[in-house]
Amino acid sequence: MALNINGKELETDEEGYLLNLNEWTRDAAVELAKSESVEMTESHWEVIDFLREYYDEYQIAPAVRVLTKAIGKKLGKEKGNSKYLYELFPYGPAKQACKIAGLPKPTGCI
Amino acid sequence: MLHIINKSPFEKNSLMSCFACAKEGSAILLIEDGVYGVIANSSIAADIKAAMAKNSIYALSADVNARGIADKVMDGITLIDYNGFVDLTCDHEKLQSWL
Amino acid sequence: MSIKKLLYVNRKAPYGTVYALESLEVVLIGAAFEQDVTLLFMDDGVFQLAKGQNTTAIDNKNFSPTYMALGDYEVNKIYVDQQSLDERGLSLDDLQHLVWEDEDEDYAEKDSIIIVDRAQIADLMEENDVVLSF
């Protein structure tokens, strides 16, 4: 499978995750979000940017529990709960947000 | 003769067997987990030093760097890159890999 | 589900075999089940925690930064065998500085690594409910 972004083909796996996370761009994120029926807002970008930074530092996508806690610490308690994150990413913050962020499916994602 | 070691000397006896069997003048190359043998001040450092008296000892720098031990390499060990690896194998007629 | 005390025993160097990476993945996955997790690094396993790993030239993923995330997963009891360090010419300073944040103390950073001897390792193996060996 592939995603066409500004004339460039980005390869994805059968579930739609980018194969090469270095090919990710913000335009790609918007397209990936569309395929998930998510419309990107500032609140979405906060989480996506956080995930990119987390992966860059630790080389893994965080599990939901870890993501929730870390978001709460970084962006405030009112955002560090699963209700808020599920509103942004209805099919699971870790799974869906990771896809939009161009990261592999989180380790331990259940 | 070129001897190649790819197992950690702390886990397998490949390196010690090699030392026991290598003739004077043979080259010994450490690759993969074998590069852990380069660390100064380890419990086997004395064995490595003794071997250096009769054999030249090389280690593949890519594997040394991967393992985070580049600043611990003892004096007298020659670090080589992949081209150096190719040169070594070409320079020696025979090769023994101690698996 | 009752909470079990799990001890992961890590005795292999990274990269040469797949044990180290497999263990790390199992630990991260297992952390989702809220068990009481303890990690032990001994023999060549202590090399997994070495600072300054750079795998660009060997075409392997450098997974050493992931150990720094263990605190986020509430894995904060990380035991390292002194004798294994000594035999390998290593000291605590040669290992990555692993920490966890104590939420009850305003996210104060605390060290995760505890250096132990062989007698303490024997106790660790006795007092945990399940020992997983890698």
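The values are calculated or read from the model by the stated rules, or taken from the named source; none is laboratory data. None of these values were measured; they are calculated from a predicted model. Neighbour counts run over all protein chains shown; Cβ positions are idealised from the backbone, glycine included. Ligands, DNA and RNA are stripped out before the accessible areas are found, and what is left, the full protein with its side chains, is counted by its heavy atoms. Shrake-Rupley method; radii C 1.70, N 1.55, O 1.52, S 1.80 Å.
Under the rule a/c < 1.5 gives rounded, and otherwise a/b versus b/c splits prolate from oblate, where does the protein assembly as shown land using the Cα gyration tensor?
In terms of gyration-tensor shape, oblate.
Which Rg and Dmax, in Å, describe the Cα atoms of the range A:5-57?
Rg, Dmax (Cα atoms, Å): 11.3, 30.
I want the local charge near B:Ile44. Using Cβ-Cβ distances under 15 Å, sum +1 for each Lys or Arg and -1 for each Asp or Glu among the other residues.
Details: positive: B:Lys7, B:Lys12, B:Lys49, B:Lys72, C:Arg88; negative: B:Glu11, B:Asp33, B:Asp47, C:Asp43, C:Asp44, C:Asp86, C:Glu87.
Here the count lands on -2.
Let me know the longest stretch in chain B that avoids all trypsin sites (Lys or Arg not before Pro) found in a DSSP loop with at most 10 other C-beta atoms within 10 Å.
Maximal segment without exposed cleavage sites: B:24-93.
For C:Ile114 and B:Ser43, what is the calculated FRET efficiency with R₀ set at 25 Å and r taken between the beta-carbons, to the nearest 0.05?
After rounding to 0.05, the efficiency reads 0.65.
Which longest run of chain A has no exposed loop site in it, a site being GluC sites (Glu not before Pro) in a DSSP loop with at most 10 other beta carbons within 10 Å, and the site itself not part of the run?
Result, exposed sites excluded: A:40-110.
Among the GluC sites (Glu not before Pro) in the range C:1-78, which ones are in a DSSP loop with at most 11 other Cβ atoms within 10 Å of the Cβ? Mind listing them?
Listed in order of number, the matching sites are C:Glu34.
Step through the table entries A:Lys83/C:Lys77; A:Lys34/A:Lys95; C:Lys4/C:Lys77; B:Lys23/B:Lys49; A:Lys95/C:Lys4, compare each Cα-Cα distance with 20 Å, and write down the pairs that go over it.
A:Lys83/C:Lys77; A:Lys95/C:Lys4
Averaged over C:79-92, how many beta carbons belonging to a partner chain fall within 10 Å of each residue's beta carbon? Before the final figure, lay out each step's value.
Numbers: counts 0, 0, 0, 0, 1, 1, 0, 3, 5, 11, 12, 5, 1, 0.
Mean number of neighbouring Cβ atoms from other chains: 3.
Determine the distance separating the Cα centre of the range C:21-78 from the Cα centre of the range B:1-29; give it in Å without decimals.
30 Å
Taking the alpha-carbon centroid of each part, what is the distance from the range B:68-99 to the range A:59-73 in angstrom?
One Cα centre to the other: 43 Å.
Find the sum over both chains of the accessible area lost when C and B are paired, probe 1.4 Å, and report it in Å² to the nearest 100.
In total, chains C and B hide about 1500 Å² from solvent.
Below 17 Å, Cα to Cα, which aspartates and glutamates can A:Lys105 reach? Residues fewer than 8 away in the same chain don't count.
A:Glu11, A:Asp13, A:Glu14, A:Glu15, A:Glu23, A:Glu36, A:Asp49, A:Glu53, A:Asp56, A:Glu57, C:Glu22, C:Glu25
Which is the longest stretch in chain C that no exposed loop site breaks, taking sites as trypsin sites (Lys or Arg not before Pro) with a DSSP loop state and at most 14 other Cβ atoms within 10 Å?
C:62-134
Evaluate chain B: find the radius of gyration of its Cα atoms, find its Kirkwood radius, and give the ratio Rg to Rh.
So for chain B, dividing Rg by the Kirkwood Rh gives 0.92.
Taking amide H positions as placed 1.01 Å from N in the peptide plane, with prolines and chain starts having none, which residues 5 or more places from C:Leu98, or on another chain, fall under 5 Å of its amide H?
C:Ser112, C:Ile113
Using only the alpha carbons of the range A:15-110, determine the length spanned along each of the three principal axes and report them from longest to shortest in whole angstroms.
32, 27, 23
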